[in-house]
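Q: What follows is a structure written as structure tokens; I'll ask about it next.
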Amino acid sequence: MKLTSIKLITTLFFCIALCSGNLVTAQNFQKQATDKTHQVSLGVGPSFIYADNGGDYPSMTFPVRPNFSLAYTKSLVKWMGIRFSTGLQRVGSWDGFNPGTLENWASRNQTASYKGSAMYFDIMPQFLLFPQDHITSRPKFNAYGGIGFGALYINRNQNPDSENSNRVSTVTSYLPIRAGVTYVIGDLFNIGLEATFFKTFADDLDGNIGHNNRNDHMGQFNVVLHRYF
């Protein structure tokens, strides 16, 4: 083989290698550039409040009311992100207590019935069960959870059907204990189920103190739509 042919083949291989390297670099850059590390989530579902006048909990008899949630999550590493959540939950008392209990509450100036809304905001580290390297290679199914810290505001109308009706507001801190599962339904969308327990540090969210010797708490079960951006 002539020297000129050897030089030509060598030059050709060099050009192919150079072009291939540039192509891989460009593909990796494009892949990294199109990754989505922000997520917004919208949830809706049933909820309840655990309170002194909230129901007969041993027999699982208590009112269930709707709630709506909105969250923003920023991925920090492939297995964890930071989440900010807010929402609105309807709350109210149970109407199945016997007359003796109601009379006892009235004699102690405790609220027998109420209805209102709870608004909340919390921040929480969110941990993934299966790490996510990139939005295009995320697992079809995944699970997440975490514990955070937040503030809860309840505005309620106490004894709304009596002449002693009055409107009261209460603010307290709480620990959100949250877990969920997700399923991929599109390039940018997941759908899932999420449960949250609000462990509060107050016993007066319902205007009634001391009947069950525990603080008042809330719970939610939501269907959630997640979108990456």
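The values are calculated or read from the model by the stated rules, or taken from the named source; none is laboratory data. Just so it is clear, the structure is predicted and the values come from calculations on it, not from any experiment. Positions of Cβ are backbone-derived with ideal geometry, glycine not excepted, and every protein chain shown enters the neighbour counts. Heads up: the accessible areas ignore ligands, DNA and RNA and are worked out on the full protein's heavy atoms, side chains in. Shrake-Rupley method; radii C 1.70, N 1.55, O 1.52, S 1.80 Å.
Q: Sorted by average packing, counted as other Cβ atoms within 10 angstrom per residue and highest first, what order do 110-116, 203-209, 82-88, 94-100 take?
A: On the way: 110-116: 21.1, 203-209: 22.9, 82-88: 17.4, 94-100: 11.3.
Packing proxy ranking, top to bottom: 203-209, 110-116, 82-88, 94-100.
Q: Per residue of the range 69-86, in order, report the coupling 6.51 cos²θ - 1.76 cosθ + 1.60 (Karplus, θ = phi - 60°) as ³J(HN,Hα) in whole Hz, putting x for Gly and Pro.
A: 9, 9, 9, 10, 10, 10, 5, 9, 9, 5, 10, 8, x, 10, 10, 10, 10, 9
Q: Further, regarding this structure: How large is the accessible surface per residue of the range 89-162, computed with a 1.4 Å probe and reported in Å² as a whole number?
A: Details: 3820 Å² over 74 residues.
Roughly 52 Å² per residue, with all protein chains present.
Q: Under the 0.36 nm per residue contour assumption, what length would be gained going from the current alpha-carbon distance of VAL168 and TRP94 to full extension?
A: Answer, rounded to one decimal: 24.8 nm.
Q: Carbon-plus-sulfur fraction of the accessible area of the chain, 1.4 Å probe, in percent?
A: Percent of accessible area from carbon and sulfur atoms in the chain: 65.
Q: In whole percent, what relative contact order does the range 78-229 give with Cα contacts below 8 Å and a gap of six or more residues?
A: This gives 20 percent for the range 78-229.
Q: Let me ask something else about it. Could you give the spread of the C-alpha atoms of the range 41-119 along their three principal axes, from largest to smallest, in whole angstroms?
A: Largest to smallest, the principal-axis extents are 57, 25, 18 Å.
Q: Against the longest principal axis of the chain, how steep is helix 3-33, in degrees 0 to 90 to the nearest 10, with axes from Cα atoms?
A: Tilt relative to the chain: about 10 degrees.
Q: At 10 °C and 1.306 mPa s, grab the translational diffusion coefficient of the range 153-229 from Stokes-Einstein with a Kirkwood Rh over Cα pairs, rounded to a whole number in µm² per second.
A: Using the Kirkwood radius from Cα pairs, D works out to 104 µm²/s.
Q: Another one. Could you sort out which of LYS74/LYS140; LYS140/LYS199; LYS36/LYS199 sit more than 24 Å apart by Cα distance in this structure?
A: LYS140/LYS199; LYS36/LYS199
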